[in-house]
Amino acid sequence: MVNSAIVGDNGYKSMVSIGMTNIPASFKGIALFTPAGDLVYCIDPTKQGRWHAQLCSALQEALNLPELPHFLVPCYTATVDRWWDETAQIWQIEAELSPNIYRYRALLNTIFELEDCQWNRATISPGVCDPLLLYRYQELFPALWESHNLVIALDSTQPIPLSITPEPTQGYVLRLFVAGYNQKTENTLKNLHEILEESLNQPYTLTVIDITKDPEEAETHQITATPTLLRMHPPPEKRLVGNLDTESHLLRLLGL
């Protein structure tokens with residue numbers, strides 16, 4: 001179900017040598033990196049799966065993370081789509097990656113067998129991949145910032161089930177559901193982080209989930225409007241829907 005390989009200390013030449021063979025001519029590929037360069041990816045010839053949640057789950061299992069690292073998706077993802085253009089009678093390729101992983105183009109070309117494909121940089125809204133925000137995650141997920149020389153290939157015919165996320169014994173686990181990364185999302189994140197830093201004197205994890213890219217997660221938590229902020233831990237679960245700019249509402253959600 002999950003094929004993994006550990007490579008030595010001789011760099012990306014060893015890593016790229018384990019790329020999948022017999023890749024179909026038409027496919028959609030998605031890859032998720034860690035900040036340290038570990039990689040999990042999938043090649044889906046049916047082009048039906050979104051795979052973000054499965055990739056996060058594979059990393060959680062491989063690195064023994066406390067919860068799914070959804071925050072990696074907008075900052076460390078690459079996607080490629082290869083299809084036959086009937087009009088032009090040629091194979092077309094669309095390849096896009098987050099700026100944070102632009103240096104891994106050669107590795108991506110190898111695992112997806114794309115030769116010298118030119119990758120486009122995805123447009124990331126300011127604040128979504130803010131270094132200060134990522135530093136907060138580094139404190140909570142140190143394994144993601146440690147290189148394990150790990151490459152994991154998921155089997156597209158057998159999606160792995162999402163593992164049950166164990167809750168920490170202390171601190172807060174928050175999930176913010178948004179619809180796209182735009183100026184409204186940026187303002188919400190900025191305001192939310194200011195309130196959390198000023199008022200919450202405990203460790204916390206804030207995961208941002210874009211329901212346009214991860215509708216399965218939205219369905220799981222019955223998200224009907226955005227933005228929605230969920231307090232997953234400590235129990236009981238609570239949610240705040242709509243305007244997150246009111247400090248009193250946020251403090252009530254946090255139980256402060």
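The values are calculated or read from the model by the stated rules, or taken from the named source; none is laboratory data. Keep in mind the model is a prediction, meaning the values are calculated, not measured. With ideal geometry, Cβ positions are generated from the backbone for all residues, glycine too; neighbour counts draw on all protein chains shown. With ligands, DNA and RNA removed, areas are computed over all heavy atoms of the protein, side chains included. Shrake-Rupley method; radii C 1.70, N 1.55, O 1.52, S 1.80 Å.
Some observations on this one:
- Ranked by the mean number of other Cβ atoms within 10 Å of their residues, highest first, the peptides 248-255, 81-88 fall in the order 248-255, 81-88.
- Sites Asp81 and Glu197 - FRET efficiency at Förster radius 51 Å, r taken between beta-carbons, to 0.05: 0.85
- Residues of segment 179-256: accessible area per residue with a 1.4 Å probe, Å²: 53 Å²
- Listed residue pairs exceeding 25 Å between alpha carbons, taken from Lys28/Lys184; Lys28/Lys190; Lys213/Lys238: Lys28/Lys184; Lys28/Lys190
- Extension gain for the segment Asn64 to Ala106, taken as residue separation times 0.36 nm less the Cα-Cα distance, is 12.3 nm to one decimal.
- Near Leu192, once Lys and Arg are set to +1 and Asp and Glu to -1 for all other residues with Cβ below 13 Å from its Cβ, the sum equals -2.
- Whole-percent carbon and sulfur share, accessible surface of segment 61-138, 1.4 Å: 46 percent
- Surrounding net charge for Arg105, when Lys and Arg each add one and Asp and Glu each subtract one, Cβ distance under 13 Å: -1
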